[in-house]
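The values are calculated or read from the model by the stated rules, or taken from the named source; none is laboratory data. Owing to the predicted nature of the structure, the values given are computational and were not obtained by experimental measurement. When the accessible area is computed, the model is the full protein with side chains, heavy atoms only, and any ligands, DNA or RNA have been set aside. Shrake-Rupley method; radii C 1.70, N 1.55, O 1.52, S 1.80 Å.
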Amino acid sequence: MKTIESLGDLRGKRVLVRSDFNVPLDGDRITDDGRIRAALPTLKHLVDAGAKVIVMAHLGRPKGEVKPEFSLAPVAKRLGELLDAPVKLAKDVVGESAKETVASLQDGEVALLENIRFDPRETSKDDAEREALAKELAELADAYVSDGFGVVHRKQASVYDIAKLLPSAAGYLVFKEIDSLSKVTGDPERPYAVVLGGSKVSDKLGVIANLLTKADMLLIGGGMAYTFLAAKGYGVGKSLLEEDQIPTVKGYLEEAEKNGVEIVLPVDVIAADRFAADATAIVVDADAIPEDQMGLDIGPKSQELFSQKILSAKTVAWNGPMGVFEFDAFAGGTRAVARALSEGNAFSVVGGGDSAAAVRQLGFDEETFSHISTGGGASLELLEGKTLPGIAVLED
Ligand code: ADP
Ligand code: MG
């Protein structure tokens, strides 16, 4: 993959950067600026190199229409504070305002184009439409840097098509993500354990199928565990269950056995009679979940079991919380897994938006993990063994 250094001297050059600024907003207040901070190494490097920096990003789902509530104005303001220099926000994506804004840039200054998804061509399935937008974007710049890891699995104009039109390179964030994730998807040091959780099996079927030939251990918690328990013939009460996935999951259990992959399921669960923060939590064995209860976390014996498996591994990938960590009473499983990853010596990668949020919310030091991915979908597709369009295009 080409790095920024391969672009040569950038002084006075107009460099178009795709970043991921899809931050959570409360009105026009940014509630978590993690994604903006993650973009700073690349942007600061370009500023210091004397480039004219033009950033493109999306926010929310404006679906190809100009919707003021999805304006990048709050992002431009926050980015300016973090860079300690004003960021000029264009009023459009590739229109008159974008052209004027870019033309007014001095060396080392930063501009932000308005929400790239205000233009319907950005996400069009029609190659020609995307290419037409990419061409207009390319006219604004001399080089392209891809740094929005959260979107590199998307074949979109600002991610994929643009890279074919300008000298292109991966930014530092994308480089670090691919470097870390390829250590677990390529040739991981063994034993290699993968911990999967989150709400639904159907979200992660591709990952499970791929891992059945790659991992040594597959630890399953979270909502998806109940479909596995049901596939083993246990009653799961009112727990999250995807009945239509039971045959697929049975197939996975058989394949795992054949391949010598150890599937570790919860042996006990913390259950409640309703989905609420103040519900009464009880501990029950995984094969004895009462009919009127739902499993909302893995139980204490499972927490111990999962921790030991994680501590015995040399490489660990984790995607998806073990329980409803948003409620204190059901955060113990997620906390135990995070602690084992954080305290163990394995190369540890955390993927998934909610898992990364859980690590922060539960107060773990992010530095004690080898890598916490900023891209949920992109990291999942890498774990699935897929080639990502926005990465492949940087390799040509
Ligand atoms: P990630 O974003 O890390 O990939 P997911 O989006 O797949 O994770 O799942 C996260 C959600 O799964 C969390 O909001 C959590 O509350 C929910 N969850 C975990 N365990 C359970 C459970 N047993 N029942 C219902 N929801 C669960
Ligand atoms: Mg999620």
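Tabulated data
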{"quantity": "Where region 277-382 is the region considered: accessible area per residue in Å², 1.4 Å probe", "calculated": "40 Å²"}
{"quantity": "Cα gyration tensor shape for region 233-315, rounded if a/c is under 1.5, else prolate or oblate", "calculated": "oblate"}
{"quantity": "Residue among H45, H153, H58 with the largest mean-square fluctuation in a Gaussian network model of the chain, springs linking Cα atoms under 10 Å", "calculated": "H45"}
{"quantity": "Region 162-237 and region 313-361: distance between their alpha carbon centers, rounded to Å", "calculated": "13 Å"}
{"quantity": "Subset of K204/K309; K301/K386; K200/K258; K88/K155; K238/K314 violating a 29 Å alpha-carbon distance limit", "calculated": "K301/K386; K238/K314"}
{"quantity": "Phi-based couplings in Hz for region 101-109 (Karplus 6.51, -1.76, 1.60; Gly and Pro marked x)", "calculated": "4, 5, 5, 7, 5, 8, 4, x, 9"}
{"quantity": "Aspartates and glutamates whose Cα lies under 13 Å from that of K135, excluding same-chain neighbours fewer than 8 positions away", "calculated": "E122, D127, D161"}
{"quantity": "Theoretical ellipticity at 222 nm over the chain - DSSP helices of four or more residues, -39500 (n - 2.57) apiece, nearest 500", "calculated": "-10000 deg cm²/dmol"}
{"quantity": "DSSP bridge orientation in the chain - percent antiparallel, rounded to nearest 5", "calculated": "20 percent"}
{"quantity": "Cross-link reach list, aspartates and glutamates versus K44, counting only Cα pairs under 19 Å and skipping chain neighbours closer than eight places", "calculated": "E5, D9, D20, D33, E81, D84, D107, E109, D142, D147, E177"}
{"quantity": "Cα centroid of region 260-307 to Cα centroid of region 57-88, whole Å", "calculated": "42 Å"}
